[in-house]
1. Look through region 382-396, keep the residues that are without any contact (Cβ under 8 Å) to a residue 40 or more places away in the chain and open to solvent by 40 Å² or more (accessible area, probe 1.4 Å), and return whichever of them is nearest to Tyr329 (Cα to Cα).
2. Report yes if some residue within region 288-303 is closer than 22 Å to Asp206 by Cβ and not in a strand (DSSP E or B); otherwise report no.
3. Answer yes if at least one residue in region 94-104 is hydroxyl-bearing (Ser, Thr, Tyr), within 25 Å of Gly72 (Cα to Cα) and either open to solvent by less than 20 Å² (accessible area, probe 1.4 Å) or touching a Pro at 6+ places or on another chain (Cβ under 7 Å) (or both), and no otherwise.
4. Counting only residues that are over 26 Å from the mean Cα position of the chain (by Cα) and in a loop (DSSP other than H, G, I, E, B), how many does region 70-127 have?
5. Out of region 334-349, which residues are open to solvent by less than 60 Å² (accessible area, probe 1.4 Å) and assigned to a loop (DSSP other than H, G, I, E, B)?
6. If you go through region 167-187 one residue at a time, how many are open to solvent by 10 Å² or more (accessible area, probe 1.4 Å), in a loop (DSSP other than H, G, I, E, B) and either among the hydrophobic types (A, V, I, L, M, F, W, C) or at positive phi (or both)?
7. Show me the strands (runs of 3 or more DSSP E) entirely contained within region 202-260 in which 1 or more residues are among the β-branched types (Val, Ile, Thr).
Amino acid sequence: MHIPYAYILLGASLFVLMFASGQHALGNTTSVVITGASAPGTGSAEFDTVAAGPFTNDGKFVFSASLAIGPGGVTAAEDEGVWQFDGTSTSLLAREGSAGVPNVSGANFSSFSDLAIDSAGEVVLRASLEIGPGGVASGSNQGIWRYPSGVGTLLARTGSEGVPGVTEADFLSLPSSIRTSSDGRVAHNGALLVGSGALGLEVTNDDDKGLWSEFGGVDTLIAREGVSSVPGIVDSTFRTFAEPSINSSNQTLFVGSLQDGTITSHNNLGLWQYTGTSGTLLAQTGAGNVPNIGGANFLTLDQATQNNSGQAAINATLDVVNDRGIWLYTSGVGALLARRGVGGVPGIAGANFDGFQKLLINDDGQVLVRAELEVGAGGVSASDNLGLWFLDGAGSLLLRTGSGGVPEVSGTNFMDFSSYSLNESGQLAIAATLEIGIGGVDSSNNSGLWFVNPGGVSQLIAREGDSLAGRTIASLDFFAGSDDNEGQLSGLNDHGQLLFEATFTDGDSGLFLFNPLEADFDFNGQVDSADLLVWETGFGASSGASQMQGDSDSDQDVDGADFLTWQRQFGIGVPPALAAGAIPEPATWLLLSTGIVGGCLASRRRRPLFAETRNKRNIPSITAPTAIAPNCRKAEFSNPGKLPILPKRRFYRWEALALLGKLYTVPLARQDIRCPFADKSLHSPSLSHRSHAGHRALTRQD
C-alpha cells in the first residue's frame, strides 16, 4: 500500500477530535461473529444465536451457538453446537445430532450444558447424548468430554464402567456444570449406581457419592462417602460433597457433610482443601475456632473459593449476633475480612455491612464481593445500599448504587450489579443495571457492561440502546464463570480483554471482543511491533475494518489516526526489558496522512521544514541512535538523543511525525531501508544541516 505523499504535524486539535467522535474514551470493540454468518464446519448453515464463553490470555475462546433452521439443510434435531477460536480460525468442536461423539460410537450429542477452556486452549464440555443412537439409554446419556487440539476424549459418563478408584462401578449422575483450573484440571462430584462395582465390592446407599479429579489423562478419586477418612475429624466419614473448586496447584476445595462418630446436626459441615489426595480441614460448623471472633461457631458455610496460591475465601454465617462474615485462609490460617453489623465498611463512614454475595479471589489475594449495607447506619438508604468492594488489605469501595458516578452516563445511578468477573491483574468486568427515570435512562437503555481498572477507574464497554455493528443493542451478557471456582477462566482474561454477547433489537446477536488497549491489534495485552505490522497490513482499508485489522478508533477504517494511537500506546504491557529496546524500524508506515496537509513541498525555496526546530526542549529524549529520515542508502548517526546529523546528499523524502506539538523521533538501525516515496514523478529534495546558535536547524533545499 502506497501511503499518501503528505507530511504531518499533528496537534492537540486532532487529538481532541479522535476522542469526541462518539467512541468511548479508552478501549475498542471488534466483532467476532454475527448471526446470519456461515457457521464453520457445517457446510452452508448459518448462525442463528450465539452465547459468549470463556476467553484465554492468548486470544483463544470457545462459544456455543444455534443454527438457523433451513439453510444448509439444518433441522431442529441438529441445530446446536460448540465452536472454538484458536487464535487464528474458528472450527466446529461438537454438534447436536451429527454423530462424532468421542469414545461413544454411533452416538449423537443432544445438548450442551456447560463449557470451559484452559490456558493452553483445551476445551472441556458437559453434554447430554441423544437416547437411542449408539445404544445410549436414559441411564447412560450424560458425560464430560475434553478436546485437546480439537480431538475429543471422554472423561466421565453415566452408566459406563470406568469410575476412578471404584472397580467396575458406574456413575449414576454427574453435575451439570464444569469446574476446571486455568491449566486444565477438572474436578467434579458425582453419584454412583447402587449395585454396580466388582463382586463383593458393590456400591451401596452408604457409599455411593464421591469427589474426583482428572488431569493429563490421569483420573483420581479424592474422597468417597462412607469410605475415606476425614482429615481433622476422627471417627467420622463423609456423607455428601458440594461442587468443588480446583486450582493449578492441584488443590481441590469443597464443602462436605459428615456422618458417624460424634457428628450431630450442629457440626456436620466442613470445608476442606486437598492437595492431591491429602486433605486439610479449614473450617467446621459447631466446633468453635472462628478466626477473630471468640466464642462463636460457624453455622453455615455458604460459599468457598480459592486462588492458584492456595488462599481460600469463605462466606459463612455464625451462631451469634452480627452473624455473617467473610474470611480469608492463607496456609490454613484464617483472618476475618468483613462482618455484618460492626462497621468498618471501606469508603462509607458509619455504615454497616448487612449481607454478602458472590465472592471472588485472584492470585494476588484480592477478595471481591457484592455486599448489601444496613439501611440507616451511615446515612444509607434503600436506594444506595448495594456495592462492590475489595476486602483485602485496607479494603476499597469500587462501585455503589444510588450515588452517581456512572462512567460515561451522566446524571444517573447504578441500581444493581448482576454479574462480574475478576482477573489476575485486578481488573473487573461488570454487568450492571441503571436507575430508570433519571439521566435519560429508560427500560430500553438501563443496562450495560463496564470495565474497572485496579485503581477503581471504570469505563463503559457497551450499553443497551447503543449502536454496535450497525445495529441497536437490546441486551448484553458475558461468561462470568462459576461463582466459587476462581481458577476457571471467564470471558475476561488477564489482559482486561472481554468476550461478550450482544443481542440486537432486530433479533440478531453477535459476539464481540473488547480490548482496553486500542492499539493492541493482535489482542496479546501488549502494544508492540507486532501490532504495527497488523496496522501496516490493514492500512488503507476504508470500510468494514475492525481492531484486528488495525482500526483503533472504531471508525471502521485503518488510517494515520490509528497509527498515532499505536505510537501513543507503544510499550504498554511489554516487559520492561523489551520496552527499553528500540522502537521497530520505520518502513512504508512512518509517514501518515492525517488530512492536515500543507504545501511545504510545493515550494522550492530554501526554508525550514518545521516551524520550530531550535527549541530542543520540545523534542522527547531518546536513548538509541535515531533518525527521522529513512534514507535510500546507509547513513551514520553519531549524536543519539538529538536531531540526526544528515549527510549532504539527496533523499527522496524527509519523514517526520509530530504529536501534540512535539517532535517524536523513531530509532533506526544501521541498515538499508526501502524508500517509501520512490515516486519519480514527485520532487525529490535533498537535505542538509546547518548550525543556528549552537543548535541544529534542519532545512530543505534543492
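1. Applying the filter and picking the extreme gives Gly393.
2. Within region 288-303, none of the residues are closer than 22 Å to Asp206 by Cβ and not in a strand (DSSP E or B).
3. No.
4. Residues that pass the stated criteria total 19.
5. Gly341, Gly343, Val345, Pro346, Ile348
6. Residues in region 167-187 being open to solvent by 10 Å² or more (accessible area, probe 1.4 Å), in a loop (DSSP other than H, G, I, E, B) and either among the hydrophobic types (A, V, I, L, M, F, W, C) or at positive phi (or both): 2 in total.
7. 218-224, 237-241, 251-259
The rows are residues; the columns are (1) of a type outside the set (Val, Ile, Thr); (2) crowded, with 18+ Cβ neighbours inside 10 Å; (3) touching a Lys or Arg at 6+ places or on another chain (Cβ under 7 Å); (4) closer than 30 Å to Ser245 by Cα.
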site	(1), (2), (3), (4)
Leu398	yes, yes, no, yes
Met415	yes, yes, no, no
Ser419	yes, yes, no, yes
Leu422	yes, yes, no, yes
Ile438	no, no, no, no
Gly470	yes, no, no, no
Phe478	yes, yes, no, yes
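The values are calculated or read from the model by the stated rules, or taken from the named source; none is laboratory data. Predicted, not measured: the structure shown is a model, and the values here were computed from it. FYI the Cβ positions are ideal-geometry reconstructions off the backbone, even for glycines, and counts take in every protein chain you see. The area values use the complete protein model at the heavy-atom level, side chains included, leaving out ligands, DNA and RNA. Shrake-Rupley method; radii C 1.70, N 1.55, O 1.52, S 1.80 Å.
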